[in-house]
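This report refers to the structure that appears directly beneath it.
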Amino acid sequence: MAYSDRYEMVCGVETHVEMATKTKIFCGCSTEFGKEPNSQVCPVCLGMPGALPVLNREAVNLAIKAGLALNCEIAEFSKFDRKNYFYPDVPKNFQTSQYDLPICKNGWLEITVDENPKRIGITRAHLEEDAGKLVHSGETITSSSSSGVDYNRSGVPLLEIVSEPDMRSIDEVIAYLEELVQIINYAGISDCKMEQGSVRFDVNVSLRPIGSKEFGVRTEIKNLNSFNSVRRCLEFEVERHAELYDEGQSPVQETRTWDEVKGITLSLRTKEEAEDYRYFPEPDLVPLVIDKQWVERIKATMPELPAAKRNRFQALGLSAYDAGVLTSSKAMADYFEQALAKFDDAKTLANWVMGDLSGLLNAHSCPIEDSPIAPEQLADLLGLLQKGEISGKIAKTVIAEMYQTSKDAATIIKEKGLAQISDEETLGKIVDEVIAQNPKSVADYQSGKKNALGFLVGQVMKATKGQANPGLVNKLLKEKLS
């Protein structure tokens, strides 16, 4: 029995975003991903005695930009704090973060689920340094006999975005995360490569009886790095809570981990409270003062965000669904707009980007930003189709060849002799042959069975290997059969 007939889910999410700076937040070490373990470290990010941090100004710029994109108040005065805890991936035994005076607070973003808009509150967004990465000997931390530590990630600038517990269904959580990641990506805060850990989610979830105003006991599941993992994790966790309540028990307030292979959550430790971290102001960093002029300079650099772009695409005649798909990533939206600059039929272009092109990209696990077919090349192909120089069937053949070779459509059409046959005399002879070879279909059409014409058109297209101008074929057949 589903939990939703007895209980209401309450969920908030902490989203950790690795910011797109070239160097770490308090030192000059590179943030480049994928380098040899512990090759991008220095005394500062390793917490060596006497090493002093210096704040990365670009990290502050990006945090301000994120705050503006999320409708937050930007604090004129904020400070850094030491969050004290002992774990192998924290070399200093404390994390430099922000506690009571964060850089951004009181924001929101809007989601839509089942055509119902809803505003999700953003409690705060604060700057902090990332921890190192544990490399486990087994598939998960709970099944490992040992772990190594890579400190390359230690000190990478993070923006932690904390939502209000405003989400009441798993669909709302996913809609919130998708919108949030899109905004962060569009604003250039992060590359948002979840498979590389650029964005990670900690979900806090509880259940309460329907109609109750009090929150239930919450559990936190840490370090989820895909929307699918969040969905599967929440599906398991809410059912686990419901079963405990149904049996007269209560969940324990704790931190849990998600086992992707087994599809279950596992206990890590009891849930800490703020006082357990013994926060105190970071003595090695001066407070951060941001004047209005600084904020205005960042505001002047703000790009068009996903919601505005979706609205603009719909104004071009696209459906809300099409606009949503095309703006699902900045790279796809940019590709569409570059092609649109050369081919102005937005609906036809959208169909080809979401259909044939995406099909080819997905089949080869290729992101659209690495597409071997440039936006201008796709626009040229559709221009030839629009002019009637090739048929739709031939266009599908050509785009597949373009993907393999990166050649222009016109070159492929010429090399392979794929130009559409639009010569009336040439097509007339082929139509006559098809009529002579299919007397039954001719009789059916002349007796009122109009769908027989489609069969005859198909036979002409087959005879010309798809190169016949279908509109002209229809015209000639109707003339000769009437």
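Since every read-out is calculated from the coordinates, none of them should be taken as a lab result. Just so we're clear, the structure is a prediction, and the values are computed from it rather than from any experiment. Neighbour counts run over all protein chains shown; Cβ positions are idealised from the backbone, glycine included.
To test your reading of the geometry: what angle, between 0 and 90 degrees and rounded to tens, separates the Cα axis of helix 470-481 from the longest principal axis of the chain?
Long axis of 470-481 versus the principal axis of the chain: about 30 degrees.
What trypsin sites (Lys or Arg not before Pro) in the range 164-222 are in a loop by DSSP, with at most 15 other Cβ atoms within 10 Å of the Cβ?
Arg168, Lys193, Lys213
What pairs in Lys396/Lys429; Lys83/Lys118; Lys22/Lys222; Lys24/Lys118; Lys105/Lys330; Lys262/Lys330 have C-alpha atoms more than 31 Å from each other?
Flagged as over cut-off: Lys83/Lys118; Lys24/Lys118; Lys262/Lys330.
Taking +1 at the Cβ of each Lys and Arg and -1 at the Cβ of each Asp and Glu, which of Val261, Pro281, Ala300 sits farthest along the dipole of the range 259-304 towards its positive end, judged by Cα position relative to the Cα centre?
Sorting the options by dipole projection puts first Ala300.
In nm, to one decimal, how far is the modelled label at Ser212 from the one at Asn116, with both set 7 Å along Cα→Cβ?
With each label placed 7 Å out from Cα toward Cβ, I get 2.1 nm.
Rounded to the nearest Å, what's the spacing between the alpha carbon centres of the range 178-222 and the range 1-65? Just the number, please.
Taking the Cα centre of the range 1-65 as reference, the centre of the range 178-222 is 16 Å away.
Listing Thr327, Thr265, Thr255 from the residue with the fewest other Cβ atoms within 10 Å to the one with the most, what is the order?
Numbers: Thr327 23, Thr265 20, Thr255 16.
By the 10 Å Cβ count, ascending: Thr255, Thr265, Thr327.
Taking the Cα centre of the range 1-45 as the origin, how large is its charge dipole in debye, to the nearest 20, when only Lys and Arg (+1) and Asp and Glu (-1) carry charge on their Cβ atoms?
The dipole of the range 1-45 has a size of about 240 debye.
Could you work out the longest stretch of the chain that avoids the GluC sites (Glu not before Pro) located in DSSP loops with at most 10 other Cβ atoms within 10 Å?
Counting only loop sites that pass the neighbour cut-off, the longest clear stretch is 274-482.
So, R0 is 25 Å and r is the distance between the beta-carbons of Arg278 and Gln253; what FRET efficiency does that work out to, to 0.05?
On the way: r = 19 Å, r/R0 = 0.78.
Taking R0 as 25 Å, the efficiency between Arg278 and Gln253 is 0.80.
Could you give the Stokes-Einstein D for the range 205-270 in µm² per second, using the C-alpha Kirkwood radius, 4 °C, 1.567 mPa s?
Translational diffusion coefficient: 105 µm²/s.
So in the chain, which Cys have no other cysteine's beta-carbon sitting under 4.7 angstrom from theirs?
Lone cysteines by the Cβ rule: Cys11, Cys27, Cys29, Cys42, Cys45, Cys192, Cys233, Cys366.
Out of all DSSP beta bridges in the chain, what portion is antiparallel? Express it as a percent rounded to 5.
Antiparallel bridges: around 95 percent, rounded to the nearest 5.
Could you work out the helix-only [θ] at 222 nm for the chain, with each DSSP H run of four or more residues adding -39,500 (n - 2.57) and the total divided by the number of residues, to the nearest 500 deg cm²/dmol?
Numbers: 16 runs with 179 residues, N = 482.
About -11500 deg cm²/dmol.
At 7 Å along the Cα-to-beta-carbon direction for both Ala341 and Arg6, put a label point, then send me their distance in nm to one decimal.
With each label point 7 Å from Cα toward Cβ, the separation is 5.9 nm.
Please compute, for the alpha-carbon atoms of the range 306-416, the extent along each of the three principal axes and give them in descending order in Å.
Dimensions of the range 306-416 along the principal axes of its Cα atoms: 44, 31, 19 Å.
Assuming 0.36 nm per residue, please report the length gained on full extension of the stretch Arg57 to Trp294 beyond their Cα-Cα distance.
Numbers: separation 237, 0.36 × 237 = 85.32 nm, distance 1.14 nm.
Difference between extended and current length: 84.2 nm.
Tell me the Kirkwood hydrodynamic radius of the range 364-482 in angstroms, computed as one over the mean inverse distance between distinct C-alpha pairs.
15.7
Mind pulling the angle between the C-alpha long axis of helix 452-463 and the longest principal axis of the chain? Nearest 10 degrees, somewhere in 0 to 90.
80
What shape does the range 424-481 have by the C-alpha gyration tensor, where a ≥ b ≥ c are the square roots of the eigenvalues, rounded means a/c under 1.5, and otherwise prolate means a/b greater than b/c and oblate the rest?
Prolate.
Let me know the shape class of the range 104-148, please: from the alpha-carbon gyration tensor, a ≥ b ≥ c as square roots of the eigenvalues, rounded when a/c is under 1.5, otherwise prolate if a/b is greater than b/c, or oblate.
In terms of gyration-tensor shape, oblate.
Give, in nm to one decimal, the length gained when the segment between Asn93 and His364 is fully stretched (0.36 nm per residue of separation minus the Cα-Cα distance).
My answer for the length gained is 93.2 nm.
For the chain, the longest stretch holding no chymotrypsin sites (Phe, Trp or Tyr not before Pro) located in a DSSP loop with at most 14 other Cβ atoms within 10 Å is which?
The longest uninterrupted stretch comes out as 216-482.
How long is the gain from Lys414 to Asn38 if the chain were fully straight, where each residue apart is worth 0.36 nm and the alpha carbon distance is subtracted?
129.9 nm
Between the alpha-carbon centers of the range 87-146 and the range 397-414, tell me the distance in whole angstrom.
That distance is 46 Å.
For the range 42-173, rounded, prolate or oblate, judged on the Cα gyration tensor with a ≥ b ≥ c (square roots of eigenvalues), a/c < 1.5 rounded, else prolate if a/b > b/c?
oblate
Would you mind checking the tilt of helix 424-437 against the longest principal axis of the Cα atoms of the chain, expressed as 0 to 90 degrees and rounded to 10?
Long axis of 424-437 versus the principal axis of the chain: about 80 degrees.
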